[in-house]
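S.K.: Below are the structure tokens for one structure; questions will follow.
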Amino acid sequence: MAKFKIKKGDLVQVITGAKQDRGGDRGKQGKVLKVFTESNRVLVEGVNRVTKHTKAGQSERGTKTGGIETVEAPIHISNVALVDPETKKPTRVGYRTETVERDGKERTVRIRVAKASGKDL
């Protein structure tokens with residue numbers, strides 16, 4: 001299983017694909033809703049929207065369900081980059097180790113850091 005630098009709730013930007021003016025998603029920013037570790041994909045809010053046809057049916061109250069709806073589809077993790085909180089631009093990620101005292105014991109923890117500005121992510 002690969003170790004991912006992108007986690008749920010992170011702000012990411014699409015770095016590959018067609019430009020926005022041509023109907024693509026490159027340059028769009030969104031929040032990560034879910035990370036699929038098995039397929040190396042992430043679900044990003046407002047990015048890679050596809051049309052999904054759902055079968056018509058009825059709910060318990062008798063209202064009609066189904067029809068055509070647009071939902072987000074997963075995008076490969078290599079096609080997105082984390083956004084630097086300071087500059088709001090995509091950046092690479094590094095790690096910094098710190099020793100923190102928890103419950104009377106010293107532990108070494110790794111903290112994600114934006115390489116461009118040095119800010120914590």
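S.K.: Around Thr51, with a cut-off of 13 angstrom between Cβ atoms, what is the net charge of the other residues, counting Lys and Arg +1 and Asp and Glu -1?
M.R.: 0
S.K.: Under 22 Å from the Cα of Lys64, which lysines turn up, not counting those fewer than eight places away in the same chain?
M.R.: Lys52, Lys55
S.K.: Additional query: Would you kindly derive the ³J(HN,Hα) couplings of the stretch 42-58 from the backbone phi angles with the Karplus curve 6.51 cos²θ - 1.76 cosθ + 1.60 (θ = phi - 60°), listing them in order in whole Hz, with x for Gly and Pro?
M.R.: Residue by residue, the stretch 42-58 yields 10, 9, 10, 5, x, 10, 6, 7, 10, 8, 10, 9, 10, 5, 6, x, 10 Hz.
S.K.: When only Cα pairs under 8 Å and 6 or more residues apart are kept, what is the percent relative contact order across the chain?
M.R.: 19 percent.
S.K.: Which FRET efficiency value, to the nearest 0.05, is calculated for Lys7 and Thr99 with the Förster distance at 25 angstrom and r the Cβ-Cβ distance?
M.R.: Efficiency at R0 = 25 Å is approximately 0.65.
S.K.: Taking θ as phi - 60°, what are the ³J(HN,Hα) couplings along the stretch 23-37 by the Karplus curve (6.51, -1.76, 1.60), each to the nearest whole Hz, with x for Gly and Pro?
M.R.: Computed from phi, the couplings for the stretch 23-37 are x, x, 10, 4, x, 6, 10, x, 8, 6, 8, 7, 10, 9, 6 Hz.
S.K.: Now for a separate question. Give the label of the value calculated from the structure for Cα Rg over 2.2 N^0.38 Å, choosing from (1) 1.41; (2) 0.98; (3) 1.09.
M.R.: (1)
S.K.: Run through the DSSP bridge list for the chain and note the antiparallel percent, rounded to the nearest 5.
M.R.: 95 percent
S.K.: Placing unit charges on C-beta atoms (Lys and Arg positive, Asp and Glu negative, everything else neutral), compute the dipole magnitude of the chain about its Cα centre in debye, rounded to 20.
M.R.: 220 debye
S.K.: Another question, then. So which trypsin sites (Lys or Arg not before Pro) in the stretch 35-87 end up in coil per DSSP with only 11 or fewer other C-beta atoms within 10 Å?
M.R.: When the trypsin sites (Lys or Arg not before Pro) of the stretch 35-87 are filtered for loop state and at most 11 Cβ neighbours within 10 Å, Arg61 remain.
S.K.: Are there trypsin sites (Lys or Arg not before Pro) in the stretch 1-34 that DSSP marks as loop and that have at most 10 other Cβ atoms within 10 Å, and which are they?
M.R.: Those satisfying the criteria are Lys3.
S.K.: Which longest run of the chain has no exposed loop site in it, a site being GluC sites (Glu not before Pro) in a DSSP loop with at most 15 other beta carbons within 10 Å, and the site itself not part of the run?
M.R.: 1-37
A short reminder: the numbers here are calculations on the coordinates, not readings from a lab. This one's a predicted model, so the numbers in the text were calculated from it and none came from an experiment. Methodologically, a virtual Cβ is constructed for each residue, glycine included, from the backbone with ideal geometry; neighbour enumeration extends over all protein chains shown.
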